[in-house]
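Right, I'll just put the structure down here and ask away after.
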Amino acid sequence: MKVEHKGHTTTIKDTESSFDAFLEKVTSQYNSYKSVNLIIDVTHDKSFNLSQLKQFSDLAKTHKKNKKSFVVVAKDIDFNKVPTSINTVPSLLEAHDIIDMEEIERDLGF
């Protein structure tokens, strides 16, 4: 797991050999990240699938309740089948764009 801090956003990249190990680390260390916008980057995991993405659902909901953004960056999944509760995009640039838009919405009181 590689963690990068940039301004008001933290990016966590999956470098684990298994998704379950990565999810366990993110979940167990969540309190360290609950006060910043969070990007979960799983693009290096070629076997990442929709069922694994859905396992982030509880974390995403909790993070949004704290008025922070939670975005997953994944490739090679069917974005039409992604649950609406999890912001999912194919690139880091789009993840940062989503966070910027959500920050503006929060500033405007939406």
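Restricting the search to the stretch 47-85, which residues are small (G, A, S) and surrounded by 15 or more Cβ atoms within 10 Å (Cβ to Cβ)?
A60, S69, A74
Starting from the stretch 86-110, keep only residues that are surrounded by 11 or more Cβ atoms within 10 Å (Cβ to Cβ), then list their pairs with residues that are in a helix (DSSP H, G or I) and among the small types (G, A, S) whose Cβ atoms are within a distance under 9 Å, requiring at least 6 positions of separation or different chains.
These pairs meet every condition: I86/S57; I86/A60; N87/A60; N87/A95; V89/A95.
With the stretch 26-106 as the region, which strands (runs of 3 or more DSSP E) entirely inside it contain at least 2 residues that are among the polar types (S, T, N, Q)?
Result: 87-89.
Write out, first by first residue and then by second, each pair whose Cβ atoms fall under 6 Å of each other, whose residues are 6+ apart or on separate chains, and whose first residue, in the stretch 9-27, is under 20 Å from S69 (Cα atoms) and free of Cβ contacts under 8 Å to residues at least 60 places away in the same chain while the second is in a loop (DSSP other than H, G, I, E, B) and of a type in the set (A, V, I, L, M).
From the stretch 9-27, the pairs are T10/V36; D14/V42; K25/M1.
Six or more apart or on different chains, Cβ under 8 Å: which pairs go from a residue in the stretch 56-75 that's within 13 Å of Y30 (Cα to Cα) to one that's among the small types (G, A, S) and not in a loop (DSSP other than H, G, I, E, B)? Could you list them?
So the pair list comes out as F70/A60.
Is the stretch 75-95 home to any residue that is modelled with pLDDT under 95, within 16 Å of K13 (Cα to Cα) and of a type outside the set (F, W, Y)?
yes
The values are calculated or read from the model by the stated rules, or taken from the named source; none is laboratory data. Quick caveat, the model's predicted, so the values are computed rather than measured. Heads up, the Cβs are rebuilt from the backbone with ideal geometry, glycines too, and the neighbour counts pull from every protein chain shown.
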